[in-house]
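Handing you this structure, nothing more for now.
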Amino acid sequence: MDRRRFLRAAAVLPFVSALPESPFAQSAWPNRNVTVVVPFPPGGQADLAARPIAASFEKTFGKSFVVDNRGGAGGGLGNAAVARAEPDGHTLLMALSSMVVLPEADRLFARKPMYEMDQLTPIARILADPAVLAVLTSSPYKTLADLLDDAKKRPGVISYGSSGHYGASHVPMEMFLNAAGLKLLHVPYRGGGPALTALLGKQVDMIPSAPGPLQPHLEAGTVRVLANWGAERTRNLPNLPTFRELGYADVEFYIWAGLFAPRNTPDDIVRRLRDATREAMQQREVTTVFETAGSPPAYLDQPEFARFIEADAARLIPAVKKIGRVE
């Protein structure tokens, strides 16, 4: 990924946004329905982020913003589709943190990447939760230590579900397993929603997940969490220890969700999308959806989001290279 090129391009946008808007552009876009691609099936973090934002945009712009769940390849298929889309503001992407590592994962396997990060223009960050490790309450694992003890006795037998190879729940789990010297059985799904369904159906023993999709099951008492991948404990789960607390200093991962447009989307359209996102993230009907789901808003406007992506990529890409090829 050409991260310097990505950051330079992103840094220009704040200055462009100060220019007078073209009256033609104001009336020309959107002139039809807008597609918001979520590169996973329904029920996951990207879907949670996309739907309230799309509903707010419909009120702002007076056109339908249709959420299109287009799963596959750990999110890569949907990311690539938007990277190749016409840059006219009518195709957007609500991506997860895995987007920064998927091109590097392709290179690990000597494959041409499905897309590169500089093909996408950041608009804003919506959510950013540390991943958490979840099991059923009927599981014998009450603590992470319980899991460690069993996994050492039965390498490669205990299973975990993920959102797909090198996806937003696969990478954090492999970071932990690599640090702990453990081997579990990886069962990839097309997204976090199907992985959660598999956990609830007892098809896998555990899943890494964003907290939001787990919230109703935590409240119902059907799921419990063992640890979180954040740098510190969260407000919503104050009793949940971090992997860092438990002795894994370099095991840190956030499942963030952010809005993107194809590269070369006109600057005035990007500015209007930024303004609309800022407005949406101040609306109670939007933020209440996130807070109720246990995923508090984590809004960053485009310049700050671009810098955040740069820093996250600088940390995650070496981690993926260290993990190496995982079949």
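The values are calculated or read from the model by the stated rules, or taken from the named source; none is laboratory data. All values derive from a computational prediction rather than experimental measurement. Here the Cβ is made from the backbone with ideal geometry for all residues, glycine too, and neighbour counts use every protein chain on show.
Could you tell me whether segment 239-254 includes any residue that is of a type in the set (Val, Ile, Thr) and modelled with pLDDT of 95 or more?
The first filter runs over segment 239-254 and keeps only residues of a type in the set (Val, Ile, Thr), leaving 242, 251.
Remaining after also requiring modelled with pLDDT of 95 or more: 242.
Yes.
Across segment 57-85, what is the number of residues that are surrounded by fewer than 20 Cβ atoms within 10 Å (Cβ to Cβ) and closer than 17 Å to Arg272 by Cβ?
7
Look at Ile309 and say whether it is surrounded by 18 or more Cβ atoms within 10 Å (Cβ to Cβ), in contact with a Gly (Cβ under 6 Å, 6 or more places away or on another chain), assigned to a helix (DSSP H, G or I) and not assigned by TED's automatic domain parsing to the domain that holds Pro213.
On the way: surrounded by 18 or more Cβ atoms within 10 Å (Cβ to Cβ): yes; in contact with a Gly (Cβ under 6 Å, 6 or more places away or on another chain): no; assigned to a helix (DSSP H, G or I): yes; not assigned by TED's automatic domain parsing to the domain that holds Pro213: yes.
For Ile309, the condition - surrounded by 18 or more Cβ atoms within 10 Å (Cβ to Cβ), in contact with a Gly (Cβ under 6 Å, 6 or more places away or on another chain), assigned to a helix (DSSP H, G or I) and not assigned by TED's automatic domain parsing to the domain that holds Pro213 - is not met.
Quick one: which strands (runs of 3 or more DSSP E) sit completely within segment 34-121 and have at least 3 residues that are closer than 27 Å to Ile323 by Cα and out of contact with any Asp or Glu (no Cβ under 7 Å at 6 or more places or on another chain)?
Details: elements: 34-38, 65-69, 91-96.
Strands (runs of 3 or more DSSP E) meeting the threshold: 91-96.
Okay, moving on. Under 25 Å from Gln119 (Cα atoms), of a type in the set (A, V, I, L, M, F, W, C), in the same structural domain as Leu93 (by TED's automatic domain parsing) and touching a Gly at 6+ places or on another chain (Cβ under 9 Å): does that describe Ile317? Steps first, answer last, please.
Numbers: under 25 Å from Gln119 (Cα atoms): yes; of a type in the set (A, V, I, L, M, F, W, C): yes; in the same structural domain as Leu93 (by TED's automatic domain parsing): yes; touching a Gly at 6+ places or on another chain (Cβ under 9 Å): no.
Here the answer is no, as Ile317 does not meet what is asked.
Right, here's the next one. Condition first: at pLDDT 95 or above and exposed (fewer than 15 other Cβ atoms within 10 Å of the Cβ). Can you find one or more residues in segment 32-44 that meet it?
Yes, some residue in segment 32-44 is at pLDDT 95 or above and exposed (fewer than 15 other Cβ atoms within 10 Å of the Cβ).
Please work out if Glu252 is surrounded by 15 or more Cβ atoms within 10 Å (Cβ to Cβ), within 16 Å of the chain's Cα centre (by Cα), within 30 Å of Lys142 (Cβ to Cβ) and of a type outside the set (Ser, Thr, Tyr). Let's see the steps before the verdict.
Numbers: surrounded by 15 or more Cβ atoms within 10 Å (Cβ to Cβ): yes; within 16 Å of the chain's Cα centre (by Cα): yes; within 30 Å of Lys142 (Cβ to Cβ): yes; of a type outside the set (Ser, Thr, Tyr): yes.
Yes; evaluated as a whole, the condition is true for this residue.
I would also like to ask the following. State which residue pairs qualify: first residue in a helix (DSSP H, G or I) and inside segment 140-162, second residue exposed (fewer than 13 other Cβ atoms within 10 Å of the Cβ) in any location, beta carbons under 8 Å apart, and separation of 6 or more residues or different chains.
Hits for this filter: Asp146/Pro140; Asp150/Pro140.
Related question: Would you confirm whether or not segment 75-96 contains a residue that is touching a Ser or Thr at 6+ places or on another chain (Cβ under 7 Å), at positive phi and at pLDDT below 95?
Yes, there is a match, as at least one residue in segment 75-96 is touching a Ser or Thr at 6+ places or on another chain (Cβ under 7 Å), at positive phi and at pLDDT below 95.
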